[in-house]
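A.B. asks: What follows is a structure written as structure tokens; I'll ask about it next.
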Amino acid sequence: MRVYWHDEALAHDTGAGMFDQGPTPLIEVPELHPENSERIRNIRSMLRKGPIVSHLEWHDGRYATREELELVHAPAYIDSIEAACAGSPGILTQATPVVPASWGAALGSAGTALSATEAVLAGDCDVAYALVRPPGHHAQPAQADGYCLFSNAALCAELARRRGIERVAVVDWDVHHGNGTQECFWTRPDVATISFHMRHGSWGPHHPQTGAPDELGDGDGRGRNVNIELPVGTGDEGYRRAWARVVEPLLAAFDPGLLVIACGQDASQYDPNGRMCVSMAGFRDLGAAARRLADAHCNGRLVLMQEGGYGRTYSAYCMHATLEGVLGTGPLLDDPLAYLPDDRDRGDAAIAAVLAAVGPYWSGISA
């Protein structure tokens, strides 16, 4: 399996502070911006040093060209991003800061994702993973959003279409709605977009999409956009069931020639930006499910690209587990933050044990 990386990923400096509210004098030590370089350095370190290392082949990424960015983005929007990065540090949206080095990082992120896709399309490998930053799935054709500048998954899907793949599927299991990818293909019947996400709705004028199930696409693309809006705390089993009951039958009917996975880890049980409680085991199962679907419908062609994941340590473990699933190695790393394996089945037993212990001392109480 190939992993694509570009050093510019580390140059995008998002700073520290409070990003969904104004600054406050009450906090002495501000948090790093959630989308910081440390999170992706830890993923890189995990994959280079972890037990999966012998299964991975590392390749250099590249910058995207302007012509490539224009596959899904408006020329004036591209100009605006370049101009914003060229100036002093600025804010594209409330939580999307840029500095001069952000331009190279954004070009490197998009180009590295495209390099991974090109390798799969050329038959150089069946599976490739683009370890990129900044992420992309919130970037719309003419609007930055949610830490994202260019829509990496959409660029890769459109490249595949231009290279002769008749139908492309993008499945996004980042904890937030992939509104940018949705917007890029809103009227398109040839690209199916499926987003798993925590229920969160619109978060402002730059993010008008809600991620609700009734956002289905329009015109010829009606029904090709699928939003799996999950309640907080859904966990591993809920994601497995949603994949089996929604993703598998829909994509069996769609029969794509390439599967693109936007694989953030912010649905994990320890992520500061999500509350979905997915563990390493859950991510391992998602990786395995993606590989099975690619083998069944896409001649094995599978491209994964990094999106969110803001628990700087646990995200790295979850990405390792995802690739274990993709490669079919079985568990190579124990979950360092796992609950007891049977925790979810022990609630009734635990309650009964408490009542049996205290019952003799409380009138009318029994197990």
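A.B. asks: Roughly what % of DSSP beta bridges within the chain run antiparallel, to the nearest 5?
C.D. replies: Details: 7 of 40 bridges.
Just about 20 percent of them are antiparallel.
A.B. asks: Between Val232 and Arg292, what is the label-point separation in nm under the 7 Å Cα-to-beta-carbon projection?
C.D. replies: Label-label distance for Arg292 and Val232, simple model: 3.2 nm.
A.B. asks: Another question, if that's okay. Would you mind giving the average projected area, over all directions, of the Cα convex hull of the stretch 289-333 in nm² with one decimal?
C.D. replies: Projected over every direction and averaged, the Cα hull of the stretch 289-333 covers 3.4 nm².
A.B. asks: Another question about this same structure. Using only the Cα atoms of the stretch 66-221, what do you get for the radius of gyration and for Dmax, in Å?
C.D. replies: Reported Rg and Dmax, both Å: 15.1, 43.
A.B. asks: Out of Gly223, Val246, Ala288, whose Cα points farthest toward the positive end of the dipole of the chain (charges: +1 Lys, Arg; -1 Asp, Glu; placed on Cβ)?
C.D. replies: Farthest towards the positive pole: Ala288.
A.B. asks: Could I ask something else about it? Using only the Cα atoms of the stretch 166-264, build the gyration tensor, take square roots of its eigenvalues as a ≥ b ≥ c, and label the shape rounded, prolate or oblate: rounded if a/c is under 1.5, else prolate if a/b is larger than b/c, else oblate.
C.D. replies: Oblate, because a/c is 1.5 or more while a/b does not exceed b/c.
A.B. asks: Size of the dipole of the stretch 140-217 about the Cα centre, Lys and Arg at +1 and Asp and Glu at -1 on the beta carbon, nothing else charged, in debye to 20?
C.D. replies: The calculation lands at about 220 debye.
A.B. asks: A further question follows. Can you list the HN-Hα couplings for the stretch 225-238, worked out from phi with the Karplus curve (6.51, -1.76, 1.60; θ = phi - 60°), rounded to whole Hz and with x for Gly and Pro?
C.D. replies: 9, 10, 10, 9, 8, 9, x, 3, x, 4, x, 4, 5, x
A.B. asks: Still on this structure, I have one more. Starting at 0 and stepping by 10 Å, how many percent of the alpha carbon pairs of the stretch 222-304 end up in each bin?
C.D. replies: Per 10 Å bin, starting at 0, the Cα pair percentages come out as 17, 48, 30, 5.
A.B. asks: Quick check: residue separation of Thr313 and Leu337 times 0.36 nm, minus the Cα distance between them. What number comes out in nm?
C.D. replies: Between Thr313 and Leu337, full extension yields 7.6 nm more.
A.B. asks: While we're on this one: According to the square roots a ≥ b ≥ c of the eigenvalues of the Cα gyration tensor, what is the shape class of the stretch 4-79, taking rounded for a/c under 1.5, prolate for a/b larger than b/c otherwise, and oblate for the remainder?
C.D. replies: It is oblate, given that a/c is not under 1.5 and a/b is not larger than b/c.
A.B. asks: Hey, another quick one. Sequence-distant or interchain residues sharing an amide H contact under 5 Å with Val175, placed H: which?
C.D. replies: Residues meeting the amide H criterion: Asp266, Ala267.
A.B. asks: Using only the C-alpha atoms of the stretch 162-219, find the volume of their convex hull and express it per residue in Å³.
C.D. replies: Here the figure is 91 Å³ per residue.
A.B. asks: In nm, to one decimal, how far is the Ile351 label point from the Lys49 one, both placed 7 Å along Cα→Cβ?
C.D. replies: 4.4 nm
A.B. asks: Short version: ³J(HN,Hα) in whole Hz for each residue of the stretch 163-168, in order, from phi by Karplus 6.51 cos²θ - 1.76 cosθ + 1.60 (θ = phi - 60°), x for Gly and Pro, what are they?
C.D. replies: 8, x, 6, 5, 9, 10
A.B. asks: Taking H placed 1.01 Å from N in the peptide plane, check which residues at least 5 places from Val278 or on another chain put their amide H under 5 Å from its amide H.
C.D. replies: The answer is Gly235, Ser268, Gln269.
A.B. asks: If you work out P(r) over Cα pairs in 10 Å bins from 0, in percent from the coordinates, which of (1) 5, 25, 34, 22, 7, 4, 2, 0; (2) 5, 18, 22, 19, 13, 10, 7, 4, 1, 0; (3) 5, 24, 32, 25, 11, 2, 0 do you get?
C.D. replies: Evaluating P(r) over Cα pairs in 10 Å bins from 0, in percent on these atoms matches (1).
A.B. asks: As I understand it, the dipole of the stretch 47-108 uses +1 on the Cβ of Lys and Arg and -1 on the Cβ of Asp and Glu, about the Cα centre. Which of Leu107, Thr96, Ile52 lies farthest toward its positive end?
C.D. replies: Ile52
A.B. asks: Can I ask one more? State to the nearest 20 debye the size of the charge dipole of the chain about its Cα centre, where the only charges are +1 on K and R beta carbons and -1 on D and E beta carbons.
C.D. replies: Roughly 460 debye, rounded to the nearest 20.
A.B. asks: Which far-off residues, 5 or more places away or on another chain, put their amide H under 5 Å from the one on Tyr129, with H placed in the peptide plane?
C.D. replies: The answer is Arg2, Val3, Tyr4, Leu304.
A.B. asks: I've got another one for you. Can you give me the P(r) profile for the stretch 27-125? Cα pairs, bins 5 angstrom wide beginning at 0, each as a whole percent.
C.D. replies: 2, 10, 14, 19, 18, 15, 11, 8, 3, 0, 0
A.B. asks: Follow-up. Return the calculated 222 nm mean residue ellipticity for the chain, to the nearest 500 deg cm²/dmol, obtained by summing -39500 (n - 2.57) across DSSP H runs with n ≥ 4 and dividing by the residue count.
C.D. replies: Result for the chain: -10500 deg cm²/dmol, rounded to the nearest 500.
A.B. asks: I need the peptides 72-85, 119-132 ranked by packing, meaning the mean over residues of other C-beta atoms within 10 angstrom, with the highest value on top.
C.D. replies: Averaged packing, sorted descending, gives the order 119-132, 72-85.
A.B. asks: To continue, here is another question. Set the Förster radius R0 to 56 Å, insert the Cβ-Cβ distance between Leu32 and Trp362 as r into 1/(1 + (r/R0)^6), and round the FRET efficiency to 0.05. If you can, show how the numbers build up before the last one.
C.D. replies: On the way: r = 49 Å, r/R0 = 0.87.
That pair, Leu32 with Trp362, gives E of 0.70.
Any read-out appearing in this document is the output of simple, stated calculations on the displayed coordinates, not a laboratory observation. Bear in mind that the values here come from a model prediction, so they are computed numbers and not experimental data. Heads up, the Cβs are rebuilt from the backbone with ideal geometry, glycines too, and the neighbour counts pull from every protein chain shown.
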